[in-house]
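Nothing in this text is a laboratory measurement; each read-out follows from the coordinates by a stated rule. The shown structure was predicted, so the numbers you read here are calculated from the model rather than taken from an experiment. Positions of Cβ are generated from backbone atoms using ideal geometry, with glycine treated the same way; all protein chains shown enter the neighbour counts.
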Amino acid sequence: SGELAGTIGLGRKDFEASFTPCIDIGWRLAKKYWNQGLASEGALACIGYASQLGLEEIYSYATSANHASLQVMRKIGMKFIEEFEHPELLNHPRLQPFSLFKISLDSSIGGDLV
């Protein structure tokens, strides 16, 4: 249809946290496109591209209340690291805490996931 479903991509994060600076995967999809596997498919494509770039690890995070996004992170092979208070959103306590996930990449053997 040519309609924009949303956005999925890699981004550099440099706010103050134990895991930054880092590269993360993020997604925002229009509600009508939820539960169709688009976030997982796009995030896996991002992981493949990150591996081609030679990145060693990628993070992703979401408010801990966003169970759908956390499930996407698990589905694509990311592992839970910790919960944290997002320093840029401290004025929005209903969004806290955030759940942090990570995946390690092995670009030395053709980009296979470790």
Over region 50-86, the set of residues of a type in the set (Asp, Glu) and in a strand (DSSP E or B) is Glu57, Glu82, Glu83
Counting only residues that are within 19 Å of Pro21 (Cα to Cα), without any contact (Cβ under 8 Å) to a residue 40 or more places away in the chain and loosely packed, with under 15 Cβ neighbours inside 10 Å, region 54-81 contains a total of 2
Of (1) within 15 Å of Phe98 (Cα to Cα); (2) out of contact with any helix residue (DSSP H, G or I) (no Cβ under 8 Å at 6 or more places or on another chain), Gly2 satisfies every one except (1)
For region 16-29, state whether one or more residues are under 22 Å from Ser104 (Cα atoms), under 12 Å from the mean Cα position of the chain (by Cα) and assigned to a helix (DSSP H, G or I). no
Query - Hey, Ser60 small (Gly, Ala, Ser) and farther than 26 Å from Leu4 by Cβ or not - result: no
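Anything in region 1-36 that is farther than 17 Å from Glu57 by Cα, touching a residue at least 40 places away in the same chain (Cβ under 8 Å) and surrounded by fewer than 16 Cβ atoms within 10 Å (Cβ to Cβ)? List them, or say none.
Going residue by residue through region 1-36, those that are farther than 17 Å from Glu57 by Cα are 1-8, 15-16, 27-36.
Going one step further and asking which of them are touching a residue at least 40 places away in the same chain (Cβ under 8 Å), we end up with 15-16, 27.
Phe15, Glu16, listed by residue number.
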